[in-house]
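Reading through the structure tokens given below for one structure.
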């Protein structure tokens, strides 16, 4: 009986010791993703991509944002470590799609990330009246809000 209890105690200790490792593997990219470098041809007004799955007040609403403040909310979105893809709602005949991936994991708000460090890359496509009018591969840095 004592050997069984000792084995259970050791198993519980090992399980407890592995829990911090599991929590370190959490993935939460909520925040703003800003284009690194110059805006590519066809995207002179592009501002960034906002992720806010928890609807935090300190972060902008989810969607794509232009430099003039105009927002395109997500119609569909997949946010996973190896896949960020979305299609926006159509506004004034214009909508966007994005297919990309995160270049790192973890909880972005807890990391010390520079403005020039790419954390997301992918292809952004712009459609007007159902026709593709621009497409470019882009890299993005992270901003976690104020």
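Structure notes:
- Checking 113, 120 one by one, the residue that is free of Cβ contacts under 8 Å to residues at least 40 places away in the same chain and under 16 Å from residue 49 (Cβ atoms) is 113 and no other.
- Filter result for residue 74 (under 27 Å from residue 107 (Cα atoms), at pLDDT 90 or above, surrounded by 10 or more Cβ atoms within 10 Å (Cβ to Cβ) and out of contact with any helix residue (DSSP H, G or I) (no Cβ under 7 Å at 6 or more places or on another chain)): yes
- Hey, residue 128 surrounded by fewer than 19 Cβ atoms within 10 Å (Cβ to Cβ), free of Cβ contacts under 8 Å to residues at least 24 places away in the same chain and touching a strand residue (DSSP E or B) at 6+ places or on another chain (Cβ under 7 Å) or not: no
The values are calculated or read from the model by the stated rules, or taken from the named source; none is laboratory data. The shown structure was predicted, so the numbers you read here are calculated from the model rather than taken from an experiment. Positions of Cβ are generated from backbone atoms using ideal geometry, with glycine treated the same way; all protein chains shown enter the neighbour counts.
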